[in-house]
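Values in this text are rule-based calculations from the coordinates and carry no lab data. Owing to the predicted nature of the structure, the values given are computational and were not obtained by experimental measurement. Cβ sites come from the backbone with ideal geometry, for glycine too, and all protein chains shown count toward neighbours.
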């Protein structure tokens, strides 16, 4: 933190931006950097899968089986980070600058300690988890090789995302993008080096992909600390005079719970779907792993939009500016529909080309091409419901936000998947996705109309 600049003066500048700037340009300005950051975040696993696919289809299948675990690890990080983000932005909206700094300090400590605990837990469950879903010993061995190293990404992942969300909560979207970019570039360079063994480095296979990912996250964490501690920011880590207040931790978890659920359910969804698909073939599992990477590259655009909208909504909720809240929801939803519509068009027009990026076999292409088109049909509805859930989270209506996320990625999806596979077999798995998105979107509209959430913004 730079010396000689009063903390209140720095923070007051944020009030002028978040509270007075026209909402649409503000959303665009604040969403583009986190959109790029989210793109970089998802790039880690995408790049791993891309290079691992060159090894063999078995290697791609192994990483696909590991993906739910890495997604769940990321979900804990994002959930905790967004909880910190919401509280920081809310306190800044109320001009409670000291409380914002207190949240920052407790949030980083929580992220570090929670990261240690999760690291140990995931290390213990690897073997039993893979034994449930994998019968092929070669794929089991490859999955274990990948995850026994990748599990160590949790601590740097937790901490660097916490700092990322802290800075985004103040309106600083550029710095988080930059230190995330450095980690991703490192991963992209060293993935092929460590996987295939280039120069003095030995060929490590899937272990090389995992090691490159862990080192990339660690580098991002180091740079994140440097930015927060040694550059001028609107919040700071309190050391002198800090009193430990453990009541802040449950509040962080409560505010971040919808974001955690949204991301964690992605992991549960992949696990559940893999269980359905494993009945048909390992190629179907490998296909869904490839599809999910491509799908995430589309969905991350809306997730980036959300990361830009939530601080705006939370700030104006704290400031009591309901009109700007409505504007943020309306503009955000419109942009989300455009982004998801573009993604739907991309997957529908170029399904074969997308799958060939992952060196898809003829068998995978035979059912994968129509499957991509079917699953993409629900993307437009996804954009609407995701933005509605984020609005509910920002205005402290946590229960509704949780319900929407549960409906979209678990309750409606699993029900349709169980029902439709009875009539159409594997095709029923693909049909379940757009059906769940449509039903969830209808639920969102009903909740907003019946509860008057556009008018009632108090808890």
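Can you tell me the mean projection area, over all orientations, of the convex hull of the stretch 273-314's alpha carbons? Units nm², please.
On the way: hull surface 14.4 nm².
Value for the stretch 273-314: 3.6 nm².
Applying a 10 Å radius around every beta-carbon, put 73-86, 419-432, 56-69, 399-412 in order of their mean neighbour count, most first. Could you put the intermediate results ahead of the total?
Numbers: 73-86: 27.1, 419-432: 16.5, 56-69: 24.5, 399-412: 20.9.
Ranking, from highest mean packing down: 73-86, 56-69, 399-412, 419-432.
Once both axes come from the Cα atoms, what is the angle between helix 248-277 and the longest principal axis of the chain, in degrees from 0 to 90, rounded to 10?
10
Starting from a Cα-only point model with no solvent, please compute log10 I(q)/I(0) by Debye for the stretch 406-459 at q = 0.14, 0.20, 0.24, 0.30 1/Å.
Summing over Cα pairs of the stretch 406-459 leads to -0.45, -0.68, -0.82, -1.03.
Using Cα centres only, tell me the gap between the stretch 210-230 and the stretch 253-293 in whole Å.
When both Cα centres are located, 27 Å separates them.
Would you mind computing, in nm to one decimal, how far apart the modelled labels at residue 251 and residue 356 are, each placed 7 Å from Cα along Cα→Cβ?
Modelled inter-label distance: 5.6 nm.
Report, in whole Å, the centroid distance computed from the Cα atoms of the stretch 50-84 and the stretch 163-199.
Computed from Cα coordinates, the inter-centre distance equals 16 Å.
If each residue of separation counts as 0.36 nm, what is the full-extension length gain between residue 244 and residue 24 once their alpha-carbon separation is subtracted?
Numbers: separation 220, 0.36 × 220 = 79.20 nm, distance 3.90 nm.
Full-extension gain reported as 75.3 nm.
Roughly how many Å is it from the Cα centre of the stretch 136-157 to that of the stretch 324-397, as a whole number?
Taking the Cα centre of the stretch 324-397 as reference, the centre of the stretch 136-157 is 29 Å away.
For the stretch 158-216, count the residues as N, evaluate 2.2 N^0.38 Å, and divide the Cα radius of gyration by that value, please.
Details: Rg = 14.5 Å, N = 59, 2.2 N^0.38 = 10.4 Å.
After normalising by residue count via 2.2 N^0.38 Å, the value is 1.40.
Compute the Kirkwood hydrodynamic radius of the chain, taking the inverse of the mean of 1/r over all pairs of distinct Cα atoms, and give it in Å to one decimal.
Numbers: mean 1/r = 0.0447 Å⁻¹.
It works out to 22.4 Å.
With every atom except the alpha carbons ignored, what do you get for Rg and Dmax of the stretch 204-247, in angstroms?
Over the stretch 204-247's Cα set, Rg and Dmax evaluate to 16.6, 49 Å.
Given 0.36 nm per residue, what is the gain on full extension from residue 281 to residue 338 after removing their alpha carbon distance, in nm? List each step's numbers first, then the result.
On the way: separation 57, 0.36 × 57 = 20.52 nm, distance 3.53 nm.
In short, 17.0 nm is gained.
Stretched out fully, how many nm does the piece from residue 366 to residue 450 gain, at 0.36 nm a residue minus the Cα gap? Display every interim value, and only then the final one.
On the way: separation 84, 0.36 × 84 = 30.24 nm, distance 4.50 nm.
The span from residue 366 to residue 450 would gain 25.7 nm if fully extended.
Give the span of the stretch 353-433's Cα atoms along each principal axis, as three whole-Å numbers ordered largest to smallest.
49, 31, 16
Run through every distinct alpha carbon pair of the stretch 270-410 and return the Kirkwood hydrodynamic radius in angstroms, one decimal place.
Values: mean 1/r = 0.0607 Å⁻¹.
Across the stretch 270-410, the inverse of the average 1/r is 16.5 Å.
When the convex hull of the Cα atoms of the stretch 217-323 is projected onto a plane and the area is averaged over all directions, what value comes out in nm²? Spell out each step's value before the answer.
Numbers: hull surface 44.7 nm².
Spelled out: convex hull of the Cα atoms, projected over all directions, averaged, 11.2 nm².
How far is helix 362-376 tilted off the main Cα axis of the chain, in degrees rounded to 10, range 0 to 90?
Tilt relative to the chain: about 30 degrees.
Can you compute the modelled spin-label distance between residue 148 and residue 322, with each label point 7 Å from Cα toward Cβ, in nm?
Going from the residue 148 label point to the residue 322 one covers 5.9 nm.
Relative to the longest principal axis of the chain, what angle (0 to 90°, nearest 10) does the C-alpha long axis of helix 379-394 take?
So the helix axis and the longest Cα principal axis differ by about 30 degrees.
Sorted by mean Cβ packing within 10 Å, highest first, what order do the peptides 438-449, 376-387 take?
The most tightly packed comes first, giving 376-387, 438-449.
Given that compact globular proteins tend to follow 2.2 N^0.38 Å, what is the ratio of the alpha-carbon Rg of the stretch 118-224 to that value? Before the final figure, lay out the partial values.
Details: Rg = 16.0 Å, N = 107, 2.2 N^0.38 = 13.0 Å.
Ratio of Cα Rg to 2.2 N^0.38 Å: 1.23.
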